[in-house]
Amino acid sequence: MKALLKICLAMAVQQASAQSDWTMQQCMQYAVQHNHEVKQAELELDNYKASKTGAIGNFLPSVDAGIGAQYNFGRAIDPETNGYTDVSTFYNGYQLSASLPVFDGFSRLHALKAAKASELMGRASLRQRQDQTALDVLQAYTSVAYYDGLVKMAEEKVEETLLLLKQVKVLEEVGRKSAADVAQVESQQAEADYELTRQQNLYASAILELKKAMNYPLGDSLSLEYIPNVGMFDSQCGNNSFPTWVIGSPLATNGTQEKNLDNERHPELQVARYRMQASKHEWHQARASLYPSLSLSAGLSTTYYKTLHNDAAETFRNQMKNNMGEYFGVSVNIPLFNRLQTLTSIRKAKNNYKIAQEAYDQKQLELAKLSSEAWQDWQGYQKQTIQMEKKVEADSIAYQLTRRQFEEGLATAIDLHTTSAQLLNSKATLLQCQLMAMVKEQLVRYYKGETIWTE
């Protein structure tokens, strides 16, 4: 019964640990949700939305209301006779006014268009920050996967050298191997232990960098799921089963695929384009200051007046009705001279628009260059992966033959060490090529404007 309970407990722990493993997409999602710069970009986007709301509100009339009260002591103006009086009085006034700008040189219209472009720029900037965070996690994640693969290779190398050392010691006892052969194999075993320790340290550093990129608590454990354990680095077989790194639908790899990728959907280019549009409307808004402005206004007001210590005053209701006044007005403002401030503002706004144009053109060229390089690197790493798979298979066969010759006394321990190191180096290079091909594929997607992480 206790044995069955232990087995069930072990299975539950194993299942829980398997469920806690983080995939690449989960790491990206966590990083995007907890990145401080992403949160800042979200708040900046909310500011842009608030600015657009304010620009829409400028088309609505403004309404003001006011209430005033005062006590007069000593010499003052009598509201009833408009003459001077020295009697203490109480005065109460009410007013309601509204104003509406009719024409302002289309300043409000351009302000609204600039606010809309700024909001779109904020959305693109937010997506850019999210994608950049995902890319940082992608780089850190592949480093962890690479060093984890090297750790597995080093562990298998340690086990292999231990078995070889036992075998050589047995052969020494029967006289088929010398003490020098045993010493050389012991040296190889010590070297394998050293390499395992070094790769474990590099793996721990890569995990730390991944946690930093994710903004993950450094003290918490992080278990990743990326490489199948079955037969991955089996030195006894020529076909090494490395993982296939695919996120979403695979990109076409045929020769007819266009090399000059379309970058119009790329968030960095969208940010530059919307900034240029906002600068253009801000320039037009500055030019609107040269035109006259027309506005309408209307309002009503009433008052209540009472001489203190006098009960013969008119009632509050009658005074509010009798003293009621209404007005309607039209005003035209013609700019003549304001010490060249308007011309200075127009000049600066125009220069800002030209600067945004240059930045947009520069970003186009930059993205075209980077996307072309990513495409070429992706194609190159795919070809290198195929070549390295063949090399790993050939080096594995060479190592097995050399080991058999060493057991039969036809090869030295140095020859065995050389072929073993060559096979290990080929496996590491193959893993690096596969990981880099995956990274470059995601860069190609990124420069095409696709989202490499799922929300």
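The ellipsoid that matches the Cα gyration tensor of segment 107-238 has semi-axes, each √(5λ) in whole angstrom, of 56, 13, 10, with the longest given first.
For Lys354, list the lysines whose Cα falls under 27 Å from its own Cα; do not include residues on the same chain fewer than 8 positions away. Cα-Cα hits under 27 Å: Lys49, Lys52, Lys113, Lys116, Lys280, Lys363, Lys369, Lys448.
With 0.36 nm allotted per residue and the present C-alpha distance subtracted, the Thr454-Ser331 stretch has 38.7 nm of extension available.
Per DSSP H run of n ≥ 4, the term is -39500 (n - 2.57); total these for the chain, divide by its residue number, and report the mean residue ellipticity at 222 nm rounded to 500 deg cm²/dmol.
My calculation for the chain gives -22500 deg cm²/dmol from helical runs alone.
Given R₀ = 30 Å, what would the calculated FRET efficiency be for Asp193 paired with Gln25, taking r from the Cβ atoms and rounding to 0.05? Here the calculated transfer efficiency is 0.25. For segment 274-374, chymotrypsin sites (Phe, Trp or Tyr not before Pro) meeting the loop criterion (DSSP other than H, G, I, E, B) and having at most 16 other Cβ atoms within 10 Å: Phe337.
Screening the chain for whole DSSP H helices of 20 Å or more along their axis (Cα) with average Kyte-Doolittle hydropathy at least -0.5 returns 2-19, 107-173, 179-214, 413-447.
The label-point distance for Leu165 and Thr344, in a model that sets each label 7 Å from Cα toward Cβ, rounds to 8.1 nm. Look at the alpha carbon pairs under 8 Å that are at least 6 residues apart: their mean separation over the length of the chain gives a relative contact order of 23 percent. The simple Förster model, with R0 at 41 Å and r as the Cβ-Cβ distance, assigns Glu358 and Thr418 a FRET efficiency of 0.10.
Note on Ala313 and Thr53: with the Förster distance fixed at 56 Å, the Cβ-Cβ geometry gives a FRET efficiency of about 0.70. Inter-part distance, segment 124-161 to segment 340-369, computed on C-alpha centroids, equals 40 Å. Rg of the Cα atoms in segment 54-110, relative to 2.2 N^0.38 Å, amounts to 1.95.
D by Stokes-Einstein for the chain, Kirkwood Rh over Cα pairs, 37 °C, 0.692 mPa s: 109 µm²/s. Backbone N atoms of segment 80-101 closer than 11 Å to the 7 Å Cα→Cβ label point of Val63 belong to residues 97-99. With q set to 0.12, 0.14, 0.15, 0.28 Å⁻¹, the log10 of I(q)/I(0) for segment 352-426, from the Debye formula over equal scatterers at the Cα positions, is -0.56, -0.63, -0.66, -1.11.
Dividing the convex hull volume of the alpha-carbon atoms in segment 24-179 by its residue count gives 259 Å³ per residue.
The tail of the calculated P(r) for segment 299-368 beyond 14 Å holds 79 percent of all Cα-Cα pairs.
Only aspartates and glutamates eight or more places from Lys350 in sequence, or on another chain, were considered; those with a Cα closer than 12 Å are Glu282.
Taking a straight Cα-Cα cut-off under 26 Å and skipping sequence neighbours fewer than 8 places away in the same chain, the lysines within cross-link reach of Lys166 are Lys152, Lys157, Lys177, Lys427.
All Cα-Cα separations within segment 273-409 were binned at 10 Å from zero, giving a P(r) of 9, 13, 11, 11, 11, 11, 9, 7, 6, 5, 4, 3, 1, 0, each value a whole percent of the pairs.
If you wrap the tightest convex hull around every Cα atom of segment 344-387 and split its volume per residue, you get 32 Å³.
Any read-out appearing in this document is the output of simple, stated calculations on the displayed coordinates, not a laboratory observation. These numbers come from a predicted model, not from an experiment. Every residue, glycine among them, receives a Cβ derived from its backbone with ideal geometry; neighbour counts consider all protein chains shown.
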